[in-house]
Amino acid sequence: MAQLSGITRIMPDNGNHFTFFLASLEGGGIQKATTRLIKELIAQGVKITLVTINGSGPIRSEIPSKCQFVDLNVKRTRYSFFPLLKYLRTSHPNIGISSQTHLNVLLIIIRLLCGYPKKLFVREHNTFTSENVFLGNLSESIRIPLIRIFYPHCTQIIAVSESVANSIKLFTGIKESIRVIWNGLDISNIEEKQHVSGYLQKVELENSCKVIVGVGRLSKQKSFRDLLEAFSILINKIDAKLYILGEGEERELLEGKAHQLKIQDHVYLPGFIDNPYPIIANADVFVSPSSWEGFSNVIIEALACGTPIVATDCPGGPKDILQDKPFARIVEKGNPRELANGIEEILSTNLNRILIKKYAERFDISRVAKAYIELIKTE
């Protein structure tokens with residue numbers, strides 16, 4: 001990884017040199033998806049520069065050595081206007097790709113002032129809903145007017161699912177310049193990691209019991225409370241254990257809920273696990289009870305592990321990804337009993353896991369990278 005200190009003049013940009021912009025390198029889904037895309041684009045011969053507002057975080061170690069890395073070292077995006085302006089005036093990038101609304105808007109404003117990046121593609125990863133737009137916090141409520149005002153001034157909006165694209169059209173009135181390109185995963189890498197020993201060896205998994213797994217941030221969006229209630233219904237019928245992998249602000253709430261439902265001896269919340277794939281691959285069913293999504297990477301990860309899925313019919317990626325396949329059940333969101341019924345139905349169905357893995361190949365990162373290259377060539 002070639003890191004540049006300060007604002008340094010970079011080699012002249014062209015159609016084979018993409019500059020990515022990220023607010024940080026914390027371990028979120030956007031950062032992981034961007035890093036995967038960068039690695040694959042480099043493998044396909046594209047020169048990459050990654051510019052971060054604040055380059056600290058666990059994802060930093062995953063930046064490939066052939067990626068030119070610029071850390072503006074600014075604490076927050078709101079304070080980065082002048083460092084970004086100076087960088088763009090100095091480096092003159094031709095093609096810019098940015099993620100997260102606040103950074104996207106800032107780059108559009110700076111582009112209007114200095115003309116760079118010459119082409120700017122902004123990515124949206126989350127589906128907008130009435131719940132998170134009108135009933136969410138202040139930062140959520142102002143995203144829609146910001147998108148409505150500024151996004152028409154970018155080269156192209158990239159949505160990670162049809163649901164994200166449709167929600168932008170619905171809430172902002174923007175109808176043109178929206179292109180859907182899924183997030184991608186390194187399917188072969190997931191296949192390799194499934195067989196690595198790890199957390200699974202540290203817990204007692206009885207062969208006779210069913211293993212149910214959920215993965216994601218312990219937050220309101222992921223609705224793991226509904227999964228706990230569904231599991232409390234199931235535990236009266238089947239011998240099962242529930243693993244919810246992830247960390248977040250609802251940990252105490254979920255632990256309290258498990259005790260309230262008297263299922264604490266069957267529920268495990270081990271926190272964030274760097275390699276969850278052995279657990280997912282050995283699970284009998286993967287459950288995504290989310291209230292909304294943009295594009296659910298963990299569902300693709302479960303498919304790549306060959307694990308059947310139960311997901312809620314929430315705004316976002318689940319239905320787009322699963323498309324009524326026999327190895328998946330889509331159930332009403334916010335309905336624990338329906339969630340329990342879906343899990344029970346999957347557990348009683350004999351499914352071919354090889355076919356599930358085969359289906360996951362359509363989401364491989366190599367296909368996604370090619371879609372970006374083709375899009376940028378045509379714009």
For Val51, what residues show an amide H to amide H distance below 5 Å, using hydrogens built from the backbone and excluding near sequence neighbours? Phe20, Phe21, Leu22, Val70
Taking a cut-off of 18 Å between Cα atoms, list the aspartates and glutamates near Lys86, but don't count ones fewer than 8 places away on the same chain. Asp13, Asp71
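Determine the alpha carbon to alpha carbon distance for each of Lys193/Lys370; Lys75/Lys377; Lys220/Lys262; Lys39/Lys357 and list only those over 27 Å. Please report the intermediate quantities before stating the final value.
On the way: Lys193/Lys370 25 Å; Lys75/Lys377 34 Å; Lys220/Lys262 22 Å; Lys39/Lys357 22 Å.
Beyond 27 Å between Cα atoms: Lys75/Lys377.
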With -39,500 (n - 2.57) per DSSP H segment of 4 or more residues and division by the full residue count of the chain, the 222 nm estimate, nearest 500 deg cm²/dmol, is -11500 deg cm²/dmol
Per residue of the range 345-361, what does 6.51 cos²θ - 1.76 cosθ + 1.60 with θ = phi - 60° give for ³J(HN,Hα)? Whole Hz please, x for Gly and Pro, Karplus curve as stated. 5, 5, 5, 9, 10, 8, 10, 8, 6, 5, 5, 5, 4, 4, 5, 5, 4
With each pseudo-label sitting 7 Å past Cα toward Cβ, what's the Ser65-Glu162 distance in nm, one decimal? 4.3 nm
Charges only on Cβ, +1 for Lys and Arg, -1 for Asp and Glu: so what's the dipole of the chain about the Cα centre, in debye to the nearest 20? 1480 debye
Taking the chain as a Gaussian network, Cα atoms linked when under 10 Å apart, which of Asp226, Asp313, Asp239 shows the biggest mean-square fluctuation? Asp239
Amide H contacts under 5 Å for Asn94, restricted to residues at least 5 apart in sequence or on another chain and with H modeled in the peptide plane, are Asp13, Asn14, Lys118
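If a/c stays under 1.5 just call it rounded; otherwise compare a/b with b/c (prolate if a/b is bigger, oblate if not). Do that for the range 187-362, with a ≥ b ≥ c from the square roots of the Cα gyration tensor eigenvalues.
Values: a/c = 1.32, a/b = 1.16, b/c = 1.14.
Rounded, since a/c falls under 1.5.
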Furthest towards positive pole of dipole, Leu22, Leu85, Phe286, structure part the chain, Cβ charges: Leu85
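List the chymotrypsin sites (Phe, Trp or Tyr not before Pro) in the range 261-329 that DSSP assigns to loop (not H, G, I, E or B) and whose Cβ has at most 16 other Cβ atoms within 10 Å. Which are they?
Working: sites: Tyr268, Phe272, Phe286, Trp292, Phe295, Phe327; in loops: Phe272, Trp292, Phe295, Phe327.
Passing both the DSSP loop test and the Cβ count: Phe272.
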Using θ = phi - 60° and the Karplus relation 6.51 cos²θ - 1.76 cosθ + 1.60, list the HN-Hα couplings for the range 74-79 in order, rounded to whole Hz, with x at every Gly or Pro. 10, 4, 9, 4, 4, 9
If we count every other residue with Cβ under 11 angstrom of Tyr277's Cβ, Lys/Arg +1 and Asp/Glu -1, where does the sum land? -3
Report the one residue of Ile273, Tyr243, Ile187 whose Cα lies farthest in the direction of the positive end of the charge dipole of the chain (charges on C-beta: Lys and Arg +1, Asp and Glu -1; origin at the Cα centre). Ile187
Given contacts defined as C-alpha pairs under 8 Å and at least six residues apart, what's the relative contact order of the chain, whole-number percent? 15 percent
When the chain is modelled as a GNM with alpha-carbon springs shorter than 10 Å, which of Gly55, Gly256, Gly184 fluctuates the most? Gly256
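FYI, it's all coordinate maths here, none of it is from the lab. Owing to the predicted nature of the structure, the values given are computational and were not obtained by experimental measurement. All Cβ positions, even for glycine, are placed from backbone atoms using ideal geometry, and neighbour counts span all protein chains on display.
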